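One structure is given below, encoded as structure tokens.
Each reported figure results from applying straightforward, stated rules to the coordinates on display, with no laboratory input. The structure displayed is predicted, hence computed values, not measured ones. Using ideal geometry, Cβ is built from the backbone for each residue, glycine included, and neighbour counts are taken over all protein chains shown.
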Amino acid sequence: MREILSRLRAAGGGLRSAISRDESNGDQLATDGGTTVTTAGDDTLRKSLPVEWELVESAPFWLPPVLLAGFFVYGAIAWNFLLSLTDYNGLGGATYANFDFSMYARMLNDGAFWHAAQNTVVLLVVFTVLCLALGLLVAILIDQNIRFENSFRTIYLLPMSLSFVVTATMWAWVYNARSGVFNQLIRLFNLEGLLVGLLRPAGVNAEVIQWLSWNTTALAAVIFALIWQFSGYAMVVFLAGLRAIPQAHYEAARVDGATTVRMYMRVIIPQLRASAVSASVVLMVFALKAFDFIYALRGSQPGANMDILATMMYRVAFDSLQWAYGSAIAIVLFVLALLVIGPYLYSEYRRGEL
Amino acid sequence: MAQLTLDNVTKTFQDDDGEIVAVDNVSVDIEDGEFLCVVGPSGCGKSTTLRMIAGLEDITSGEIRLAGQIINDQPPARRNVAMVFQSYALYPHMTVRENMAFGLEESTDMPDSEIDERVEEATKMLGIFDLIDRKPGELSGGQQQRVALGRAIVRDPEVFLMDEPLANLDAKLKAEMRTELQHLQEDLDVTTVYVTHDQTEAMTMSDRIAILNDGILQQCATPLECYHKPNNLFVAGFIGEPSMNFFPTTREGATLRADRFEYELGDETVAAVSETTNVTLGIRPEDIELADSTAAPNTFEAVVDVVEPRGNENTAHLQFDADADEQFTMTVDGMTNLTAGQRISVAFPEEAIHLFDTESGEAIRNRTLDDIETVESVV
Amino acid sequence: MSTGTRDYVEELRDMDNSRIGLYAVLLFGIVFYLFPVETAVMTMFKTQGEFARTLPFAPPSGDGFTLSALATAWNTLRPGLLNSLLMAIPATIMSALLGSLTAYGLTTISWRGQVGVVVLIIAGIFIPYQAVLVPLAQFWYQILPGLLNGFVNTVFGFVTGGNWTYPSRNGYVQLMQLSITHAAYGIPICTLLFRSYYQAISDEMIEAARLDGASAFSIYRNIILPLSLPMFAVTLIYQFTQVYNDLLFALVLVNEPAAQVATQRLAALTGGVVQSFNTTMAGAIVAAFPTLLVYIVFGEQFAKGVAGEN
């Protein structure tokens, strides 16, 4: 190689000359959205408006739905915040007076709140990470030019089409201590004694694993079921990302000498970063609102092991009629969601992806 | 560097409708350090052939040998070939440096310091050292192409494989890169197989050209041989721009009867033609000469339809009659003026015509090369 | 790696081992993703004694087979199914339509500053619904009735005699409230889905129509709307699934037992003290039936909706 390069040097490194004359080619012009095609006639009206004509003519299309959604979303959140500042509880209407942060103070002193918050964070992190991992693995497997690919994909995505009430009902049966699938299989392979000993919380005497009751297993059981339901989503996202990588990259890596594993680790997976980011945003936001599943499993009082902020909020507001307190918890949930989606939306906006 | 041999290589695909033969019994011997261009129209099997050498497609039958060893079953990673893809296939998340180092990291035990050295030297040679820490997305098309080249050079392979690497560049840059690539290949002295559909690239850059059509090798020879002594109608029509003019004729004795004219053959030519009756007469646009009149044998009258001025030369599209459907092209010097509608006399010199068997397409007789002038050097 | 041919030399050589391993893992994936559903289907046909005795995923044996669980579940859930459909279908259609109109006004017609509105809409997809529950309950049960009572009794007092009250406890009214709520909250995601679709439509085609003198409405009706049909399919399928599957809003807005939707009824069935799993499994399958059917027939569209949310 050295001789080659020194020969090149001797020959004058001619390629350098090409650069100065190289105009950028193959660059794509960023298209901005603004078109200024004018409609025939109507000039005087158009020009006399203080705002762009397109804004006016498009308004009938977007303004009513935006106002509707805006009221239901942002109006409601603002109202929610207002309510959290009152003392509203019980039956009857709210009194919009005496605004203070007493509800928030109460929240910070409430052990149940902190416990639910901890569970929420654990759920959020573990669920998102494992869902991404499983989804990525499945997507890579499906991308291997297999036959019946569509059928596999359809089956793997099926849990997503089910309501959480339906899946909670099914998983309640799966986790049933006496006759559920897991415990029956464990019994079949004579592993029951071993696993009970391993998983049993201190001070509990039992002969069967009570997946949903034990503090050692409850949250994990919920997370596992949710991963089951949602990994299909991560799979779909990663599959789209994989398909966007040109075939030539796989080939170039092979010709360059990479083994399959190295090829995926160094070339393919790093290019899936964007897919991973957007998938995790959706997964995290979902984890924040995983109310339906837990409610269907255990009702509005699922016990401290499974209580998350979403279930606590519902219980406090609709069971105990502590409306203002519930609103405060809801605001916390909202802020958490904002922390997740805010940076993401901002970076998408800056990159022009919106 | 090694000798690369394709021995009766065939590639078939299974389609919904049956079997498709993409490459049909192609045999080529490529010498060490040779620059071979594989050309042909779209779908002729040239890319497939290249990919078989790389190991990206498997070989249905036949052998590929590199330095005497059969490499049919070796995975791409072990063949020690480097490939430049048409789309460059640069890894977008890696810098130029990392892109170029990747192959060395994956296929050798070279220490990092040595890899770094190699990469930096290569970038300096290619003139992209300033860009070494940039990502492909920040580079222009020409710069990306050079990184792709650098990635291949740095690996010091047995063979360079290039799949239409200049296809995405604009015309001016393409012309410049052609020359540079040629220099590069000569200096590096690496066996190179270069696929393109552009016959100008093939003509200007290669030691030899292999022409494929429908998977079948038509001719494998030096550029000038392909140009002046084409094996068949396809090669004759494919090589050369503007392309050779073809006139289907029927031979009666020593006369070729075409639709609009008759051509008298000399004794030697008649002997070469022997028994064939359906003969296609071919003549290149630059070999057609302007005549003062139609008095001499094998001169004809023609009407100028359209003139394409190119500055250095003019290409005239001629018809034998104003209402004729068929046209043929003639190239004249740029300072010779022709106008549309003009009636002129043209001559088809016998030493310049090519004769082909119309049915088989095979060449019967190609032009003589007696009139090549060799220029004496000034001492 | 998604071309039709798979001609890697090593793959041919190792095809037997690694490909077999691949398919084995994929088949295990099928087992993994289907086993809860499969055990549910098996269990719902078993008698009480049977499902306590046998492995959950095994089919019921001769005398362990019964349809009574299914019958019970069906009776309990059927009104819920009807209520769900009654509520979900109009909400879905409304969302899709409004989403299309909104996306048109924010994408195909471009004006300065529209990205800001788009960001606000898209952010609306991600809000946790807990953050609007209390205001929603307030709105539908306190504020709106208050306003309407006042309005109707004042303006139409000569008819009502000042006695009209907003029928908050009427089941159909509650379902309608739920429908409108879902329609409103569905607008952001439907807008997003249509927006990506409209962004791909050629600008030049629209500009040509402009030069021909077409108004914004005419372009929508004659060009955009017909072209949107594939996206309507995706949006309708996806949004219907989301609305039908919802529990939270239903819990808050529907308290008349007769008006409860399928998800609510199933939650009540499951939360019941008696642990008769065959009934609850039957209930789960019955409740899931409409969305399962939609998914099996329109799986492709659903997958596109899922990917589009990205």
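Structural remarks
- Legend: P(r) of segment A:86-203 from all alpha carbon pair distances, 5 Å bins from 0, whole percents, reading 2, 8, 8, 10, 13, 14, 14, 10, 8, 6, 5, 3, 1, 0.
- Hydrodynamic radius of segment C:220-310 by the Kirkwood approach over all distinct alpha-carbon pairs: 15.2 Å.
- Inter-centroid distance (Cα atoms) of segment C:108-186 relative to segment A:294-318, Å: 26
- Highest-fluctuation residue, B:I115, B:I209, B:I64 considered, GNM on chain B with Cα pairs under 10 Å: B:I115
- Cα-derived Rg over Rh, computed across segment C:51-199 with Rh taken as Kirkwood radius: 1.17
- Between segment B:66-141 and segment C:231-262, the alpha-carbon center distance in angstrom: 55
- Computed from Cα atoms, the angle from the helix B:171-188 axis to the main principal axis of chain B rounds to 60 degrees.
- Only one residue of B:V147, B:F160, B:S47 has its Cα farthest out toward the positive end of the dipole of chain B, where Lys and Arg carry +1 and Asp and Glu -1 on Cβ, and that residue is B:V147.
- When only the Cβ of Lys, Arg, Asp and Glu is charged (+1, +1, -1, -1), the dipole of segment B:1-156 relative to its Cα centre reaches about 400 debye.
- For C:E300 and C:N170, the difference between the fully extended length at 0.36 nm per residue and the C-alpha to C-alpha distance is 43.0 nm.
- Converting the Cα gyration tensor eigenvalues of segment B:181-281 into ellipsoid dimensions via √(5λ) gives semi-axes, longest first, of 35, 13, 12 Å.
- Averaging 1/r across all pairs of distinct Cα atoms in segment B:245-365 and inverting the result yields a Kirkwood radius of 14.9 Å.
- Cα-centred dipole magnitude for the protein assembly as shown, charges only on beta-carbon of K, R (+1) and D, E (-1), debye, nearest 20: 8060
- When the convex hull of its Cα atoms is viewed from all sides, chain A shows a mean projected area of 33.0 nm².
- Exposure proxy ranking for B:C37, B:C220, C:C190, based on other Cβ atoms within 10 angstrom of each Cβ and starting from the fewest, stands as B:C220, B:C37, C:C190.
- Simple Cβ-charge dipole of chain B, Lys/Arg +1 and Asp/Glu -1, about Cα centre, in debye nearest 20: 720
- Debye log10 I(q)/I(0) for chain C, one point scatterer per Cα, at q = 0.07, 0.12, 0.16 Å⁻¹: -0.44, -1.02, -1.25
- For the peptides C:109-120, C:145-156, C:276-287, B:231-242, residues were scored by their other Cβ atoms within 10 Å and the scores averaged per peptide; the highest-first order is C:276-287, B:231-242, C:109-120, C:145-156.
- For chain B, built as a Gaussian network whose Cα springs stay under 10 Å, the top-fluctuating residue of B:K135, B:K172, B:K124: B:K172
- Other protein chain C-beta atoms within 10 Å of residue C-beta, averaged over C:36-47: 3.
- Dipole of segment B:176-239, positive end: most advanced residue of B:T204, B:T222, B:T192 [Cβ charges, Cα centre]: B:T222
- Computing Rg and the Kirkwood Rh from the Cα coordinates of segment B:10-107 gives a ratio, Rg/Rh, of 1.00.
- Ordering B:A272, B:P309, B:I344 by the projection of their Cα atoms onto the charge dipole of the protein assembly as shown, which places +1 on the Cβ of Lys and Arg and -1 on the Cβ of Asp and Glu, puts B:P309 at the extreme positive end.
- Most mobile of B:L318, B:L66, B:L369 in a GNM of chain B (Cα contacts under 10 Å): B:L369
- FRET efficiency, 1/(1 + (r/R0)^6) with R0 45 Å, evaluated for A:N145 and B:S113 via beta carbons: 0.70
- Counting Cβ atoms of other protein chains within 10 Å of each Cβ in C:211-223 and taking the mean gives 2.
- On Cα atoms only, tilt of B:112-126 relative to the major axis of chain B in degrees: 30
- Between segment B:152-167 and segment B:313-372, the Cα center-to-center distance that results, in Å: 39
- Cα-based equivalent ellipsoid, segment B:4-235: semi-axes from gyration tensor eigenvalues, Å: 30, 21, 16
- Pairs of alpha carbons in segment A:172-285 whose separation is greater than 23 Å (percent): 54
- For the protein assembly as shown, taking Cα atoms only, Rg and Dmax work out to 38.1, 123 Å respectively.
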